Ligand SMILES: [Zn+2]
């Protein structure tokens, strides 16, 4: 099975891989990555489950983000559609979707650049690819699926946030998660298009229906029920991107003028 990979999907918690695929080990300077090559609506895609690794489920702060993003370039793809699970700080319905427009980074111990031996300041005025985002939005609208757009706050994890942290972060963010950064930065540094569709799986700590303790089961249950819709939206977006002609975004020039 050899065909062009039109897009790579970064699968989050609970993301299941299509039945008909072949797996490929991609070697990168940062380690090996397993990609699952398949077709969606006739278009070649690769799925990289970001939590996969030596451990059964790599925790968010230990994910090999640089290897995963480098593997996209090695696959010859230019576009990444990221799926992330998030807690809502703004009363989004559980199971609804949020397309990201911007982010605030509260991670602490992650390597968030490929550029260790030269100084490169990539521009972050538009972190997420507007063209992919529009295709995702069009697909959600066409299917009549509830969604909104918002700002993502990325925390280090793996613990959930405190109530005090959420009270602070809800003043400037809409949803909170642990895996969106540094992926978005690394993709930008490699001049790849990157967009994220988040599934709202829970209320952030201390918010919502009065239930105080947040459990992993709550998150996984919400993800499972949203999975079918999510796959449909992504498949639609991939075929629209593939058939929609050339890229009309500036993602491919992200490092132009960025070097000191
Ligand atoms: Zn783009």
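The values are calculated or read from the model by the stated rules, or taken from the named source; none is laboratory data. As the structure is a prediction and not an experimental result, all values here were calculated from the model. When we count neighbours, we look across all protein chains shown, and the Cβ atoms used for this are built from the backbone with ideal geometry, even at glycine.
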Query raised in the report: Residues 10, 15: which one is at pLDDT below 90, in contact with a helix residue (DSSP H, G or I) (Cβ under 8 Å, 6 or more places away or on another chain), crowded, with 19+ Cβ neighbours inside 10 Å and not in a helix (DSSP H, G or I)?
Result: 15
Query raised in the report: Is it true that residue 105 is outside any helix (DSSP H, G or I), at pLDDT below 95 and more than 16 Å from the ligand (Cβ to nearest atom)?
Result: no
Report task. Return the total of residues in region 171-187 being touching a strand residue (DSSP E or B) at 6+ places or on another chain (Cβ under 7 Å) and within 16 Å of the ligand (Cβ to nearest atom). Result -> 3
Report task. Identify, by number, the condition in (1) within 16 Å of the ligand (Cβ to nearest atom); (2) at positive phi that residue 238 doesn't meet. Result -> (2)
Query - Selection within region 141-156 - surrounded by 14 or more Cβ atoms within 10 Å (Cβ to Cβ) and more than 15 Å from the chain's Cα centre (by Cα) - result: 145, 147, 148, 156
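Any idea which of 228, 173 is under 22 Å from residue 101 (Cα atoms), under 19 Å from the mean Cα position of the chain (by Cα) and at pLDDT 85 or above?
Numbers: 228 fails: under 22 Å from residue 101 (Cα atoms).
One residue alone meets the criteria, 173.
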Requested in this report: Given the conditions (1) out of contact with any helix residue (DSSP H, G or I) (no Cβ under 6 Å at 6 or more places or on another chain); (2) within 16 Å of the ligand (Cβ to nearest atom), report the number of the one that residue 168 does not fulfil.
Outcome: (2)
Requested in this report: Within region 79-89, identify whether any single residue is under 16 Å from the mean Cα position of the chain (by Cα), farther than 20 Å from residue 147 by Cα and within 16 Å of the ligand (Cβ to nearest atom), and answer yes or no.
Outcome: yes
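Does region 182-197 contain any residue that is within 19 Å of residue 105 (Cβ to Cβ), modelled with pLDDT under 95 and touching a helix residue (DSSP H, G or I) at 6+ places or on another chain (Cβ under 7 Å)? Don't jump to the end; show me each part of the working.
Residues of region 182-197 within 19 Å of residue 105 (Cβ to Cβ): 182-190, 192, 194-196.
Checking which are modelled with pLDDT under 95 leaves us with none.
Checked region 182-197: no residue is within 19 Å of residue 105 (Cβ to Cβ), modelled with pLDDT under 95 and touching a helix residue (DSSP H, G or I) at 6+ places or on another chain (Cβ under 7 Å).
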Requested in this report: Find all pairs meeting these conditions: Cβ atoms under 7 angstrom apart; at least six residues apart or on different chains; first residue within region 57-80 and closer than 14 Å to residue 186 by Cβ and modelled with pLDDT of 95 or more; second residue assigned to a helix (DSSP H, G or I) and within 16 Å of the ligand (Cβ to nearest atom).
Outcome: 65/183; 65/186; 66/186; 69/183; 69/186; 69/187; 80/72; 80/187
Query raised in the report: Quick check: is even one residue across region 54-62 more than 25 Å from residue 249 (Cα to Cα), crowded, with 19+ Cβ neighbours inside 10 Å and in contact with a strand residue (DSSP E or B) (Cβ under 7 Å, 6 or more places away or on another chain)?
Result: no
Report task. Scan region 249-256 and give yes if some residue there is farther than 24 Å from residue 166 by Cα, away from the ligand (no atom under 16 Å from the Cβ) and either surrounded by fewer than 21 Cβ atoms within 10 Å (Cβ to Cβ) or modelled with pLDDT under 90 (or both), otherwise no. Result -> no
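Go through the residues of region 123-140 one by one and say whether even a single one is more than 16 Å from the ligand (Cβ to nearest atom), loosely packed, with under 15 Cβ neighbours inside 10 Å and in a loop (DSSP other than H, G, I, E, B). Before you say what the answer is, go through the steps one by one.
Applying the first criterion (more than 16 Å from the ligand (Cβ to nearest atom)) to region 123-140 yields 139-140.
Applying the additional criterion that residues be loosely packed, with under 15 Cβ neighbours inside 10 Å yields none.
No, every residue in region 123-140 fails to be more than 16 Å from the ligand (Cβ to nearest atom), loosely packed, with under 15 Cβ neighbours inside 10 Å and in a loop (DSSP other than H, G, I, E, B).
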